[in-house]
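Structure first, commentary second.
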Amino acid sequence: MRSRYFCRTLEAFAEGVHKYIIDIEKWCAERDEAIVQARNGVGRQIVVTLLSLHYDVKSKATATLELLQDILRRLLRSESHHLGDTHHQKDVEMIGFLRAIDFGPIAPHRLSTRLLDFIQDSIDTQLAIGDYHAASKLSELFVATAEPLWKSVGKWMSNGITISLGQGEDEDYFDSLDKELFIRRRSTDFIDPEFWERGYILHTEVESDDDEDEDEEEEKELKQSQITFLVPRIFMAIAEDVLRVGKAVGLLRAIGIEPFHDQEKLSEMRNWCSFSELYQRCETIASISPSTESTEDVPTPYSDQILHLRIVFDTLPSYLLTYLQPWCLAGQGKLNTLLFDDCAMMEHLNSIEGLYFMRRGDAMGIFCDKVFAKLDAHQKWHDLHFLNSVLRDVSAVDRKSWIDFTLVQFTVRGGRQRSNTSTVQCFEGFTADYAVSFPLTYLLRRPSASVYPSIFVLLLQIRRVKVAVEGIALKGVIRPTATEDTADVNSFYALRGKFAWAINCLMNFLATHVIDSHLRRFHGRIKDAQSLDEMIDAHDHYLAQLQMLCFLHSKTTALHRALMSILDLSLHFVQCLEAYMTEQSSSFADQRNVNYAHDEKRKRRRRHQRKARQAGRNVIGFSDVLKPISSDSSSSSDEEVYLEETKDNDDKRAMRRPSLSASISFADASFALKMDRISEELDGLVRYIRKAVDVLAGGTSEAASTFGIFSFMLEDWDM
């Protein structure tokens, strides 16, 4: 069975209609009395005809009553589709008398909104056709009908949201919110980071499910483009502010802070002005407005009154907003003080940016170097105790700790891939969670905050490649012989410069033109924000821009894969170089050892010959033949010992050098051929990225100008 509701707005409307009918009956009685007195010769003489009487009754009562009946029929007809009824479309016109029971199935918030909007539409129509009498009567009825909803607004702003700290939420918890108010309570836990945005929302034409898990960005776009709020038109200007103040007041009282600490403010809240009083004030302001002095080119009856009534309804929403401004500033100001002073929000933001964006260059440089050293040594860099100890050490680089390392929790996911040194994908499962105190969780622990770890991993991958490429030292290692062509070394130096330029260009773009510029803009917006809702909107917009410009958005997946390919190709280049350096070092060491052995043998032979000649000169009168000294055996044994020692030293040196890949042999292809292949692949990737960035720079999005900077930077690739 369909449930039926009780609506105070409809009751106020019925009471206003009843009062109007009593006034009509009183007028009819006075008219009847005047006719009877004129007939008996008691009162003044009047001329009465059926036509004049019909015109008076129509202008006094019939026209307005027909408008009221038309309003109710329109309301019932518009809600028939929402209720799933089809018989009302034709049967509504045949209903002679509408009863309150006919509106029972309509939800109170829909009924109050539709009723007020239809009355205001009817007033605008009557003002447009110049019927001041009907418009004035409808305006009086409109003020009486809006009175209960306006009282609900005052109660909401005074009490705020209802917060249950228990595990379960009963029906009374949800029933505490006025059902006629244009604010809806959703089943989101108070401790949920999305509670501030999803817990209490404005009613919409199409209500979404409470447990519906929508993508945040798509939901925001839908909210801006398609969603129509179910709020009375007269209260549309104050709806957002009323919602924000109620949430702020309820949160402050749940924490134990009184939002309206000023006794004068408390007394004003208790003496909440009625809607009729505010309407009268607005009438007074409109009566002294300079615009009322101007009249139309063609004067019509009641032209001044019609213009005056138009001004009243045009200025009433802004006057209501002005009336609520002190309470809005008091509640939101108290919450901003709590966030900035008591919760130290800006200090947490600086710590988050220093960690995730690596803005603490000295500290995060040490952190990355230690992680990379573990990775190069084929040790467990992903050990949580090691990561925590490193972060603890780098947090004390300065005299004052720049981050509370106890708030950071590292998590490393992945199997064998995290130990693979030949690719930057080993850092894909590496995340760092930063814990903040309540109520900062509503701002810094939202789903949009997952962009922070993604940017952290991206910067870590770029730093890994940057250190590997710039850490190559060839001076004194590669020494081409006289018969060897130096083209291999020259091609290496050229390709190494290309990799270094591409990586530095990407790092400079992300650090300077993306992170730094948007971060400064975000800090300015968040300091100027008047409410927590504005801070959340600014933070989400800021992270959405960073996600797009750092190529982490779903629309830039292809670009992100191309960047990862460049980073992996850089490590492959270093891998090839390591193998080439090992072969060159070993061949050079062998040649050097052979030359050294021949030199030593020649020196020993000369030394023995010199000693033999000296001994031959000192022998007198003896003819014994001297036995030749066997120097070959001694020299060969010394040479073998030296070669073994040199080989052991080379092996130890090779073991100490960080190896970025498995061993590669250049027997199948020369070093120059491999460098040419890598160079061609790098050139193709960079050109693809430049074309894709040009497309993004030519768009109409907010990030197009920043992409244009990156496109301009990539133009130097062909120079």
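The values are calculated or read from the model by the stated rules, or taken from the named source; none is laboratory data. What you see is a predicted model; the values in this text were computed from it and never measured. Please note: Cβ atoms are built from the backbone with ideal geometry, for glycine as well, and neighbour counts cover all protein chains shown. Keep in mind that these areas ignore ligands, DNA and RNA; they rest on the heavy atoms of the full protein, side chains included. Shrake-Rupley method; radii C 1.70, N 1.55, O 1.52, S 1.80 Å.
Numerical summary
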quantity: Those helices (runs of 4 or more DSSP H) lying entirely in segment 339-401 with at least 1 residues among the basic types (K, R) and surrounded by 15 or more Cβ atoms within 10 Å (Cβ to Cβ); calculated: 361-376
quantity: Sole exception among (1) touching an Asp or Glu at 6+ places or on another chain (Cβ under 7 Å); (2) under 23 Å from H523 (Cα atoms) for E353, by number; calculated: (1)
quantity: Extreme residue, nearest to K334 (Cα to Cα), among residues of segment 520-531 that are open to solvent by less than 10 Å² (accessible area, probe 1.4 Å) and assigned to a helix (DSSP H, G or I); calculated: I526
quantity: Per-region count, segment 220-243, residues open to solvent by 50 Å² or more (accessible area, probe 1.4 Å), at pLDDT 90 or above and out of contact with any helix residue (DSSP H, G or I) (no Cβ under 6 Å at 6 or more places or on another chain); calculated: 2
quantity: When residues of segment 285-320 are limited to those that are at pLDDT 90 or above and among the hydroxyl-bearing types (S, T, Y), the one nearest to I123 (Cα to Cα); calculated: T315
quantity: Scope segment 402-431; condition aliphatic (A, V, I, L, M) and part of a loop (DSSP other than H, G, I, E, B); matching residues; calculated: I403
quantity: Which listed residue is under 13 Å from the mean Cα position of the chain (by Cα), assigned to a helix (DSSP H, G or I) and surrounded by 20 or more Cβ atoms within 10 Å (Cβ to Cβ), from L567, L577, L563, L546; calculated: L546
quantity: Answer from R73, R110 - the residue that is modelled with pLDDT of 65 or more, open to solvent by 30 Å² or more (accessible area, probe 1.4 Å) and out of contact with any Cys (no Cβ under 9 Å at 6 or more places or on another chain); calculated: R73
quantity: Considering residues of segment 673-707 that are free of Cβ contacts under 8 Å to residues at least 12 places away in the same chain and either in contact with a strand residue (DSSP E or B) (Cβ under 9 Å, 6 or more places away or on another chain) or of a type in the set (A, V, I, L, M) (or both) only, the residue least open to solvent (accessible area, probe 1.4 Å); calculated: A704
quantity: Residues of segment 432-453 that turn out to be open to solvent by 50 Å² or more (accessible area, probe 1.4 Å), at pLDDT 90 or above and part of a helix (DSSP H, G or I), as a count; calculated: 1
quantity: Restricting segment 157-190 to residues that are part of a helix (DSSP H, G or I) and either within 29 Å of the chain's Cα centre (by Cα) or modelled with pLDDT under 85 (or both), the residue that is surrounded by the fewest Cβ atoms within 10 Å (Cβ to Cβ); calculated: E171
quantity: Complete set of residues in segment 113-143 that are open to solvent by 40 Å² or more (accessible area, probe 1.4 Å) and under 15 Å from Y20 (Cβ atoms); calculated: H133, K137, E140
quantity: D314 vs. criteria surrounded by fewer than 17 Cβ atoms within 10 Å (Cβ to Cβ), more than 24 Å from the chain's Cα centre (by Cα) and in a helix (DSSP H, G or I); calculated: yes
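Quick grid of which residues meet (1) open to solvent by 60 Å² or more (accessible area, probe 1.4 Å); (2) modelled with pLDDT of 85 or more:
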residue: V47; (1), (2): yes, no
residue: S52; (1), (2): no, no
residue: K60; (1), (2): no, no
residue: E66; (1), (2): yes, yes
residue: S78; (1), (2): no, no
